[in-house]
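The structure under discussion appears below in the form of structure tokens.
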Amino acid sequence: MRHRDFRIRQLRRIYNKAEDKFSFNICYETHTKITPRSLVVAEAFGLGIDEAQRFKVLDAELKIGPQDIVYITGDSGSGKSVLLRAIRADLGDEAVDLSEVVVDVEKPLIETVGATVEEGLELLSKVGLNDAFLFLRTYSQLSDGQKYRYRIAKLIESGKQWWLMDEFAACLDRDTAKIIAYNLQKIARQQGKAVIAATTHSDLQEDLKPSVLVRKRFGEEIKIDYYPNTPAIECSLIREMTIEAGTKEDWQKLSGFHYRGHKVAVPRKIFRLVRKNELCGVIVYSYPPPACYGRRLVLPRMPIQELNKKLSIINRVVIHPKYRTIGLGAKLIHDTLPMAGTPYVELIAVMAKYSPFAEKAGMRKIAQQQAVKSITTVSKALSELGFDLQLLGSECYVQAKLQSLSLGQVSELKEAFVKNTHPRFKKEFAVSRHQPFGNTSEYARCIRDAGFIKVAKLVKLTAMLIQTKVYLFWDTSNAV
């Protein structure tokens, strides 16, 4: 009797309007093909043919609402997958299964999700693929955990009411599985969707926070518990993390995961987020630039010496990719703002357009800058020399383009930079910590003497300065 196949005898869905629940009256059984050898076994043990062919596996009522989080767990082979497939078949076009997600393995992720770039960035950020480098990778270049997150992004994009997943996060390490479970329930509840996830692993209850928990064992044994449909407050892994004073070496360890340059100005303070002996995140506070867009909306003009005493800028925030999307960026900012050592803190961030992590940490969104107006002369010069402004962030592209220019064209480009004394450009040629943003006459001389590598760095800085950025502000009076 080796050829066993589950057969659904009854799956009847009844909608209870008062409870806004579907009641699945389920009765399913195994059906065994009778072979010559199985007949011998049946005869040897005194089994009737009908008994040998069929035995009941489940007879139960399962109440599920269209916004429930359902966690089906139990031993391998106990019938979880059969139950999930039966529900999937009954839901029809209302549902989508993770295994049904169609993946384009050759195109960059940003080309395969969302109707627009902004929508794609938002979807990928929701599932933890919020790294500028990841946006440009293909599915085949992702790790198993990243692939799983991407497929969830496609579930979200489908617009279906019911999201079904068999062997949920079974192939992932348990830390990653908990992070994905936490994010899945958070997103589903925010969007008013239902999740039905089945797995042999029983360690996800705290992070998935199911409203319906189904424990399926062999035979007819099943236990169904119902809970309030409330989200998990935080991922369980956060309880194992602490924030402490860090060093520049901590930043360097995680700097490769940041989309901006690895070099940071003289840091004022650095804090790190650790879990046991594992470095999970770093935040770097630095001295502020002399001027920036949005500051005048919250602070009066003041000498640079006074500005340095009263204001810090969050220079970098980086979270290890493994731990993204569980709120650690907001936690790092929120918990360290009072320890920055100044009454005011500012942050200028591109990702703040797509993720309100700084606002969740208690900072106020003051303004959104489309581009630095003073940079238009440089960007115009680059366009006239044939540069594609969308590719200025690519070091290989910029260097290849510079090599193709004549000496006269290179000189023309350098003069465009000489005429633009933006503090961020001048900072590249500062030689003293007492003048972190350089000297104007020295800046002009250095530009004219600069080689291709330095000019390429300035071009990449131009790419950063023409981005849309958000200016955020915090002071001790609005600390929470």
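The values are calculated or read from the model by the stated rules, or taken from the named source; none is laboratory data. In this text the structure is predicted, and so the values were computed from the model without any measurement. Here the Cβ is made from the backbone with ideal geometry for all residues, glycine too, and neighbour counts use every protein chain on show.
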Query raised in the report: If Q67 passes every condition in (1) touching a strand residue (DSSP E or B) at 6+ places or on another chain (Cβ under 8 Å); (2) assigned to a helix (DSSP H, G or I); (3) at pLDDT 70 or above but one, which one does it miss?
Result: (2)
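Can we say R296 is basic (K, R), surrounded by fewer than 16 Cβ atoms within 10 Å (Cβ to Cβ), more than 27 Å from the chain's Cα centre (by Cα) and over 30 Å from N183 (Cα atoms)?
Yes: the conditions hold for R296.
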Query raised in the report: Restricting attention to segment 204-226, does a residue exist that is among the aromatic types (F, W, Y), surrounded by fewer than 21 Cβ atoms within 10 Å (Cβ to Cβ) and touching a residue at least 12 places away in the same chain (Cβ under 8 Å)?
Result: yes
Query raised in the report: Is it true that some residue in segment 308-315 is hydroxyl-bearing (S, T, Y) and either within 24 Å of R364 (Cβ to Cβ) or under 25 Å from the mean Cα position of the chain (by Cα) (or both)?
Result: yes
Report task. Determine whether segment 232-253 contains at least one residue that is assigned by TED's automatic domain parsing to the domain that holds K309, within 30 Å of A456 (Cβ to Cβ) and in a strand (DSSP E or B). Result -> no
Query - Members of segment 362-380 found to be touching a residue at least 60 places away in the same chain (Cβ under 8 Å) and more than 26 Å from V117 (Cβ to Cβ), listed by number - result: G362, R364
Report task. Name every residue in segment 407-448 that is β-branched (V, I, T), modelled with pLDDT under 80 and part of a helix (DSSP H, G or I), in order of residue number. Result -> T440
Query raised in the report: Which one of P303, P338 is assigned by TED's automatic domain parsing to the domain that holds V282, out of contact with any strand residue (DSSP E or B) (no Cβ under 8 Å at 6 or more places or on another chain) and under 27 Å from V274 (Cβ atoms)?
Result: P338
Requested in this report: Test F387 against the criterion of being aromatic (F, W, Y), farther than 30 Å from L472 by Cβ, surrounded by 18 or more Cβ atoms within 10 Å (Cβ to Cβ) and at pLDDT 80 or above, and give yes or no.
Outcome: yes
Query - Only listed residue being in the same structural domain as I196 (by TED's automatic domain parsing), free of Cβ contacts under 8 Å to residues at least 60 places away in the same chain and of a type in the set (A, V, I, L, M, F, W, C), chosen from V102, V127, V70 - result: V102
Report summary line: Counting only residues that are surrounded by 22 or more Cβ atoms within 10 Å (Cβ to Cβ), touching a strand residue (DSSP E or B) at 6+ places or on another chain (Cβ under 8 Å) and modelled with pLDDT of 90 or more, segment 166-180 contains a total of 1
Report summary line: The number of residues in segment 89-140 that are at negative phi, assigned to a loop (DSSP other than H, G, I, E, B), modelled with pLDDT under 85 and of a type outside the set (S, T, N, Q) is 4
